[in-house]
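Colleague: Quick one: structure below, then a few questions.
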Amino acid sequence: MKRNKIYFWIATVVIFLFEGIMPVSTLIFSPENFNAGTKPLGYPDYFAYALIVCKFLGATAIIIPNFSPKIKEWAYAGLTFNLVFAIISHAVVDGNIGYILTPVFVGVVLSISYINYHKIEKNG
């Protein structure tokens with residue numbers, strides 16, 4: 001049980017840093033680069049803003065203890081959809097496997113967080 005909590009918190013903090021803090025800090029401290037991941041793929045700037053807000057809200061929802069389980073499920077789903085579509089977008093537009101590695105890595109960490117979240121919830 002304790003091991004599951006350790007895995008959950010390590011993975012969740014990594015997700016919060018990658019998906020929650022990093023995009024917001026880019027928008028604040030380096031606003032000219034806020035769309036560095038979406039512009040080369042042909043997405044408009046407003047899409048980057050929406051992603052930043054949604055990623056921050058989702059990462060915040062999963063890191064807050066005792067938050068609504070239903071909202072946490074939707075947050076995990078939303079973050080997963082974001083990563084899946086990032087992989088698809090890069091595969092179709094770039095065709096370069098190197099750009100796919102980051103969303104795959106974050107997806108693996110997100111799945112570790114999700115699996116251990118459910119193990120913790122199941123065991124009380």
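The values are calculated or read from the model by the stated rules, or taken from the named source; none is laboratory data. Treat the numbers as computed from the prediction; the structure is a model and nothing was measured. Methodologically, a virtual Cβ is constructed for each residue, glycine included, from the backbone with ideal geometry; neighbour enumeration extends over all protein chains shown.
Colleague: Checking the condition surrounded by 13 or more Cβ atoms within 10 Å (Cβ to Cβ), closer than 29 Å to residue 123 by Cβ and aromatic (Phe, Trp, Tyr), which residue from 8, 81 passes?
Modeller: Step by step, each of 8, 81 is checked, and only 8 is surrounded by 13 or more Cβ atoms within 10 Å (Cβ to Cβ), closer than 29 Å to residue 123 by Cβ and aromatic (Phe, Trp, Tyr).
Colleague: Quick one: residue 92 ticks every box in (1) hydrophobic (A, V, I, L, M, F, W, C); (2) modelled with pLDDT of 95 or more; (3) exposed (fewer than 13 other Cβ atoms within 10 Å of the Cβ) bar one, so which box is it?
Modeller: (2)
Colleague: With the requirement that a residue be farther than 18 Å from residue 35 by Cβ and either of a type outside the set (Gly, Ala, Ser) or surrounded by 13 or more Cβ atoms within 10 Å (Cβ to Cβ) (or both), what does region 95-106 give you?
Modeller: 96, 97, 100, 101, 104, 105, 106
Every residue, every condition in (1) modelled with pLDDT under 90; (2) over 15 Å from the mean Cα position of the chain (by Cα); (3) not aromatic (Phe, Trp, Tyr); (4) not in a helix (DSSP H, G or I), yes or no:
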site: 53; (1), (2), (3), (4): no, no, yes, no
site: 61; (1), (2), (3), (4): no, no, yes, no
site: 73; (1), (2), (3), (4): no, no, yes, no
site: 78; (1), (2), (3), (4): no, no, yes, no
site: 88; (1), (2), (3), (4): no, yes, yes, no
site: 105; (1), (2), (3), (4): no, no, no, no
site: 109; (1), (2), (3), (4): no, no, yes, no
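Colleague: Something else: How many residues are under 30 Å from residue 118 (Cβ atoms) and acidic (Asp, Glu) when one looks only at region 17-66?
Modeller: Result for region 17-66: 1.
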